[in-house]
Amino acid sequence: MNRVIVYPEPSWKIPREIYGHFSEHLGRCIYEGIWVGEDSPIPNIRGYRKDVVEALRRIRIPVLRWPGGCFADEYHWKDGVGPRENRPRRINTHWGRVIETNHFGTHEFLDLCELLGCEPYVAANVGSGTVQEMGEWIEYMTFGGDSEMAEWRRKNGREKPWRLPYLGIGNETWGCGGNMRPEFYADLYRRYRTYVRDYGEEPIYKIASGANVDDYRWTEVLMREAGHLMDGLSLHYYTVPGTWEEKGAATGFPEEEWFETLKKALFMETLIVRHGTIMDRYDPERRVGLIVDEWGTWYRVEDGTHPAFLYQQNTIRDALVAGIHLNVFNRHAYRVRMANLAQLANVLQALFLTEGEKVVYTPTYHVFDLYAPHQEGEHLPLRYEGDEYRMGKEAIPLVSASASRKKGRIHLTLCNLHHEKQVELTCEFMGTSVAYREGHILTADTLDAHNTFEDPDRVVPRPFDGGVVSKEGVVRTALPPRSVVALNFSSG
Ligand code: AHR
């Protein structure tokens, strides 16, 4: 029998920020996906899509990263403040050379975060910007006194300074953010970081641009040369079923590609452990957070769409990828302090797909909904013992899981990774009695089932009655193939 054994021993609090998101000026993420403008016929709250705002509040979005991505290192913030009609039109050189109107800028972003009740995470331009430009941006956003930048902010309609809890110093500085070597960037980070002034009550959490996937040398050099001056170090890893040239399609894929995708999603755990081991050498107290500020699936774009807009469908396979990642982040939250799915709307593994006023909540959105009770829960260690999922010569675990406790409730999330087999499972809670409260399941009849504008509720969570506790305190359950299940228990 397959077993999940949960140990209700105190470990660490799961930071809300692990359930974070990322919005870039790329394709239709910001424009149309979030911002439609006050005069739009699309229902909006001060220019932000009403449907998206409400759906983000429902999943308790904790933090939003902006303005990029690669866009961040070509973004000059002064373009995006002041009367919208006067803002310069620029070329979005990285993403399709389309015109950037700058209608969504600093005020629009920070006001959105206030509306959503989430923390802003701003990525500063290191690749093509200056220290002065970054310093003035911080002053503009956060200084409450009588300075030129603060006065300019007031003139532009915002009296009080905003809170700026998180600042990224460059993005992918090994690539689109300047093609730097880690030694060079480490010095540059030290220099930029010196001028990040704390004008507000809370200090700004400073995040250095971290490694691409398994570039362990990058982490080594950054930690050695600048670890003592950073609060967080980022990591970017995308789940690509094929190669960067032939990524694979979002729908209509064979079962081998299902397996390959989930295997690659599981690789996130290896990356966290290996980068974490290097960080441990320089930072044994684990003060510096690993910030996975870009993760998610990356497929071939949908036929007929702009190749640089990165628009892709989102299926039950993406739901499993999300479930795997969030379980991994919960289990490694002693080091992973924040994670941001790429991206919020209409780009890569999106929460929302939009078409004019129509919106679709993707299977990935529903996973964030099912996992939301983990936010700020006390993580409970667990172990899976049981069958593997085999394809040819390869094998991965059949089940991915994580658990947390909050206010007398235990929340257990389970993913059956198999494309066609049901998994019989027992869940055993060591040293505590539990009573089943409720459960939900996200599953679908085909490997690429997804929600469309015509059929928006094909893949949605449904009540799950498979969590009943036996007299011995063991939960016997059966997870249908390709399913994400969230179970809630009260614990004695
Ligand atoms: O999310 C899309 C892009 O992927 C980001 O702009 C960049 O940081 C990464 O390479």
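The values are calculated or read from the model by the stated rules, or taken from the named source; none is laboratory data. Computed from a predicted structure; not experimentally measured. Cβ: placed from backbone, ideal geometry, glycine included. Neighbour counts: every protein chain shown.
A few remarks follow.
- Test result for residue 4, touching a residue at least 60 places away in the same chain (Cβ under 8 Å), over 24 Å from residue 295 (Cα atoms) and surrounded by 17 or more Cβ atoms within 10 Å (Cβ to Cβ): yes
- Scan of segment 137-150 for residues that are part of a helix (DSSP H, G or I) and more than 28 Å from the chain's Cα centre (by Cα), ordered by number: 148, 149, 150
- When 182, 120, 88 are screened for being closer than 19 Å to residue 204 by Cα and more than 16 Å from the ligand (Cβ to nearest atom), only 120 passes.
- Any hit, segment 88-102, residues being under 20 Å from the mean Cα position of the chain (by Cα) and in the same structural domain as residue 307 (by TED's automatic domain parsing): no
- Hits in segment 64-82 - residues which are more than 16 Å from the ligand (Cβ to nearest atom) and either crowded, with 23+ Cβ neighbours inside 10 Å or in contact (Cβ under 8 Å) with a residue 60 or more places away in the chain (or both): 77, 80, 81, 82
- Among the candidates 219, 194, 173, residue that is crowded, with 23+ Cβ neighbours inside 10 Å, over 22 Å from residue 108 (Cα atoms) and more than 16 Å from the ligand (Cβ to nearest atom): 219
- Residue, nearest to the chain's Cα centre (by Cα), within segment 309-338, restricted to residues that are in a helix (DSSP H, G or I) and of a type in the set (D, E, K, R): 318
- Strands (runs of 3 or more DSSP E) contained in segment 1-87 and holding at least 2 residues touching a Lys or Arg at 6+ places or on another chain (Cβ under 9 Å) and either over 30 Å from residue 487 (Cα atoms) or at pLDDT below 95 (or both): none
- Test result for residue 44, over 25 Å from residue 134 (Cβ atoms), more than 16 Å from the ligand (Cβ to nearest atom), surrounded by fewer than 23 Cβ atoms within 10 Å (Cβ to Cβ) and among the polar types (S, T, N, Q): yes
- Residue among 123, 150 that is among the hydrophobic types (A, V, I, L, M, F, W, C) and within 24 Å of residue 57 (Cα to Cα): 123
- Strands (runs of 3 or more DSSP E) contained in segment 371-416 and holding at least 3 residues within 26 Å of residue 337 (Cα to Cα): 378-380, 382-385, 399-406, 409-416
- Among the candidates 127, 168, 135, residue that is over 27 Å from residue 51 (Cα atoms), in contact with a Lys or Arg (Cβ under 8 Å, 6 or more places away or on another chain), within 16 Å of the ligand (Cβ to nearest atom) and touching a residue at least 12 places away in the same chain (Cβ under 8 Å): 168
- Criterion: in contact with a helix residue (DSSP H, G or I) (Cβ under 7 Å, 6 or more places away or on another chain), more than 19 Å from residue 443 (Cβ to Cβ), surrounded by fewer than 23 Cβ atoms within 10 Å (Cβ to Cβ) and modelled with pLDDT of 95 or more - qualifying residue of 285, 385, 376, 357: 376
- Among residues of segment 428-447, those that are at pLDDT 95 or above and not acidic (Asp, Glu), counted: 8
- Taking first residues from segment 310-322 that are in the same structural domain as residue 294 (by TED's automatic domain parsing) and partners that are in a helix (DSSP H, G or I) and within 16 Å of the ligand (Cβ to nearest atom), the Cβ contacts under 7 Å between residues at least 6 apart in sequence or on separate chains come to 314/364; 318/364; 319/364; 322/364.
Here is a yes/no grid of residues against (1) of a type in the set (Phe, Trp, Tyr); (2) at pLDDT below 95; (3) crowded, with 17+ Cβ neighbours inside 10 Å:
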residue	(1), (2), (3)
109	yes, no, yes
120	no, no, yes
125	no, no, yes
131	no, no, no
148	no, no, no
152	yes, no, no
155	no, no, no
180	no, no, yes
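One line per residue, one yes/no per condition, for (1) of a type in the set (Ser, Thr, Tyr); (2) closer than 30 Å to residue 415 by Cβ; (3) in contact with a His (Cβ under 9 Å, 6 or more places away or on another chain):
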residue: 5; (1), (2), (3): no, yes, no
residue: 36; (1), (2), (3): no, no, no
residue: 41; (1), (2), (3): no, no, no
residue: 48; (1), (2), (3): yes, no, no
residue: 51; (1), (2), (3): no, yes, no
residue: 55; (1), (2), (3): no, yes, no
residue: 71; (1), (2), (3): no, no, yes
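- For segment 1-35, a residue qualifies if it is among the hydrophobic types (A, V, I, L, M, F, W, C) and within 23 Å of the chain's Cα centre (by Cα), and the qualifying residues are 12, 14, 18, 22, 26, 29, 30, 34, 35.
- Checked against the criterion of being under 27 Å from the mean Cα position of the chain (by Cα), more than 25 Å from residue 28 (Cα to Cα) and without any contact (Cβ under 8 Å) to a residue 24 or more places away in the chain, the candidates 181, 154, 190, 163 yield just one match: 181.
- Filter result for the condition that a residue is farther than 30 Å from residue 150 by Cα and either among the hydroxyl-bearing types (Ser, Thr, Tyr) or not assigned by TED's automatic domain parsing to the domain that holds residue 71 (or both), over 216, 205, 166: 216
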